[in-house]
There are 2 protein chains.
Amino acid sequence: MNGDAACDPFWMANNVVNLAEKLSLFSEHWSPKVVARLNDYEIKVVKVKGEFVWHTHEDTDELFIVIAGELTIQLRDEDVHLAPSQLFVVPKGVEHCPITDGEVHALLIEPAGVVNTGDAGGDMTASYDDSFA
Amino acid sequence: MNGDAACDPFWMANNVVNLAEKLSLFSEHWSPKVVARLNDYEIKVVKVKGEFVWHTHEDTDELFIVIAGELTIQLRDEDVHLAPSQLFVVPKGVEHCPITDGEVHALLIEPAGVVNTGDAGGDMTASYDDSFA
């Protein structure tokens, strides 16, 4: 958190995060936007559509919470289906590949510095964007 | 996470968390229920109503996401008002006291072991409950 938080009486209320408002500010897919921080973790909103890339985060679990739409997280042995207000934690070291039919809005929570494509890299690797935080 | 997760083909889909379903399983207020784990953090659902106690978490930030109802987080200098789909991080070391008019359903995310009443203790200190995880 901002080290000055406790000193600034106007800091707090200004840092309420309206998820719908944040999601209205961008349209690109597979490009998570940091909207808040929790210790050394980041809370991100993301819009996704279509199929991502198979990848693994070797060092961390990854939390998905679906806000709108239907998200499938493909694992090598099964598919996990998530509707709005459902959440799932992909355990560290488990290869996964999100896929959707239509557009999905979701919240991601993971340690700061996690790259969206994990070990896979490639064209779908998103630039770090905390301009909405 | 469960260390056997990657070995059990049925483990994953069984661990989708439906927040509405979890919230339907209990009625008590101010008693967070762990529903999932993210590394050494816990994701909890909670129902709250009325006023809590003023307290501080000296060692950690605390994330609130409102699912239903209107939550006010009183701080010493101001009140923070949260509607559904809004989130707020109480920075570590900042004294706070949640208060509501009606019942509020919320998600809390914080490191494992955080006690709901922080440094304050007292009658509203909840027992640790991960029976829904």
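The values are calculated or read from the model by the stated rules, or taken from the named source; none is laboratory data. Nothing here was measured: the structure is a model prediction, and the numbers come from that model. Don't worry about glycine lacking a Cβ; one is built from the backbone with ideal geometry, like all the others, and counts go over all protein chains shown.
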#### Entry: Single condition A:Gly113 does not satisfy, out of (1) in contact (Cβ under 8 Å) with a residue 12 or more places away in the chain; (2) within 16 Å of the chain's Cα centre (by Cα)
(1)
## Note on the structure
Picked from segment B:46-63 (must be under 28 Å from A:Gly93 (Cα atoms) and assigned to a strand (DSSP E or B)), the residue farthest from the other protein chains (Cβ to nearest Cβ) is B:Glu62
### Task
Filter segment A:69-78 down to residues that are surrounded by 18 or more Cβ atoms within 10 Å (Cβ to Cβ), touching an Asp or Glu at 6+ places or on another chain (Cβ under 8 Å) and more than 10 Å from every other protein chain (Cβ to nearest Cβ), then give me how many there are.
1
### Task
Give the residue, chosen from B:Ser31, B:Ser85, that is facing another protein chain (nearest Cβ under 9 Å) and among the small types (Gly, Ala, Ser).
B:Ser85
## Note on the structure
Picking from B:Tyr128, B:Tyr41, the residue that is of a type in the set (Ser, Thr, Tyr) and surrounded by fewer than 18 Cβ atoms within 10 Å (Cβ to Cβ) would be B:Tyr128
### Message
Looking at (1) facing another protein chain (nearest Cβ under 9 Å); (2) at pLDDT 95 or above; (3) in contact with a His (Cβ under 9 Å, 6 or more places away or on another chain), which one does B:Ala13 not meet, given that it meets all the others?
### Response
(2)
### Message
So B:Ile43 ticks every box in (1) within 9 Å of chain A (Cβ to nearest Cβ); (2) more than 27 Å from A:Ser85 (Cα to Cα); (3) touching a residue at least 60 places away in the same chain (Cβ under 8 Å); (4) of a type in the set (Val, Ile, Thr) but one. Which box is left unticked?
### Response
(2)
### Query
Hey, among B:Val66, B:Val80, B:Val94, which residue is in a strand (DSSP E or B) and under 14 Å from A:Ala13 (Cα atoms)?
B:Val80
